[in-house]
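Down below is the structure, laid out as C-alpha cells.
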Amino acid sequence: MTRVDILQRILDETRERLRSAPPDEAALREQVATMPPPPDALASLRAPGVRVIAEVKRQSPSAGIIRAGVDPLHFARAYANAGAAAISVLTEPVRFGGSLADLASVAAEVAVPCLRKDFIVDAVQLVEARAAGASMALLIVAALEQRELARLLAEAQALGLTALVEVHTADELARALDAGATVVGVNNRDLKTFQIDLAVCEGLRPSIPAGVVAIAESGVTGPADVARLRRSGYDVFLVGQSLMTSSDPQAALAALIEAS
C-alpha cells in the first residue's frame, strides 16, 4: 500500500467519523466565544534563533508504534522546559493513536502555543481545535481542493488560529501561497515512497517569500540536520520521532535549539 493510499484512507475515515458522530458545532462555537485568545503562535515562530515545534506522537502508519504508554503531559512539560516554540499534538485516533483530549490536556498545562496535527477536512475540526486550546492547526495541501484550502484558511484566521500549511512539491507550495498561507511547512517525506530526503526542503526554500514562516518537517534527527537546513534558510523545525524515541527528550530538544 502506498502512502497516497494511506492518506486517502485516513481522509475517508476522517470524513466518515464526522458524518457518523458529528461534533456539536454550535456548542463548540459558544465555548470558543468565551475563551481568551490563545498564545501567539506567529510571534513564537518568528522569535530569533532556532525554533522547534516539538511533537507528541504515539505511532504512525510508516513507523508503527513509536513509543508505548505515552503520557502527553510528560513530553509537553519536557518540551516546554527545553524552550519549544510550540508543541504539536497528534489528534487522529486510528492511525496515530491521538485524541482531542491529549491536545486539551497539553494546552491547559503549558504556556507555549499548541498545534492540532490532524487531517482537517471540515471547519468544525478547526472549531474543535480552538475549543481544545490550540493556537495552530495543520492544513495539508495534498488533502484539500484549492477552494477547500482557501475556505479553511479563512476559517482558521476567523477563529484566531494560525494555519500551518503543509506542502511536499513546488505545485503544492504555489497553491499554498495562492491561498494566502503565511506559515508553510515543507515535508521531506515522499508521499509515495515513504523516503525522507532533506533536499526537498532545500529545493523549495528559495520559492518561499520573505515574510512567510518556513518550517522544515520530517527527517530532523539531530543538530547536524538542523545546521544543514539552517544553511538553506530554515530557522523553524517540526520534530517528532527523534524526540519521542529519545531517553531524554528535554535534553534532545535543547540540543536541537542550540544547533548553529
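Things to note:
- Per-selection metrics, the range 121-259 (Cα): Rg and Dmax in Å: 15.3, 43
- Low-density loop positions, GluC sites (Glu not before Pro), the range 135-189 - DSSP coil, at most 11 other Cβ in 10 Å: E145
- The chain - percent relative contact order, Cα under 8 Å, separation 6 or more: 21
- Under-5 Å amide H pairs with E166, H placed in peptide plane, nonlocal only: L139, I140, V141, G185
- 3J(HN,Hα) along the range 113-118: x, 10, 10, 7, 9, 7 Hz, from the Karplus curve 6.51 cos²θ - 1.76 cosθ + 1.60 with θ = phi - 60°, whole Hz, x for Gly and Pro.
- For V52, the residues whose modelled amide H falls within less than 5 Å of its own, excluding neighbours fewer than 5 places apart on the same chain, are A85, A86, F237.
- Rg/Rg_ref, the chain, where Rg_ref = 2.2 N^0.38 Å and atoms are Cα: 0.93
- Among the trypsin sites (Lys or Arg not before Pro) in the range 126-225, those located in a DSSP loop and surrounded by at most 15 other Cβ atoms within 10 Å of their own Cβ are K192.
- Remark: M35, M136, M244 ranked as M35, M244, M136, counting other beta-carbon atoms within 10 Å and listing the fewest first.
- If you take the Cα centroid of the range 1-58 and the Cα centroid of the range 118-139, the two points sit 4 Å apart.
- Table column - 3J(HN,Hα) (Hz), the range 54-64, Karplus curve with 6.51, -1.76, 1.60, x for Gly and Pro: 8, 10, 9, 8, 7, 7, 7, x, 7, 9, x
- Comparing Cα centroids, the range 209-260 and the range 76-105 end up 17 angstrom apart.
Taken together, the values in this text are just the output of simple stated rules run on the coordinates, not laboratory data. Model, not experiment: these values are computed from the prediction. Glycine gets a Cβ as well: all are built from the backbone with ideal geometry, and neighbour counts include every protein chain shown.
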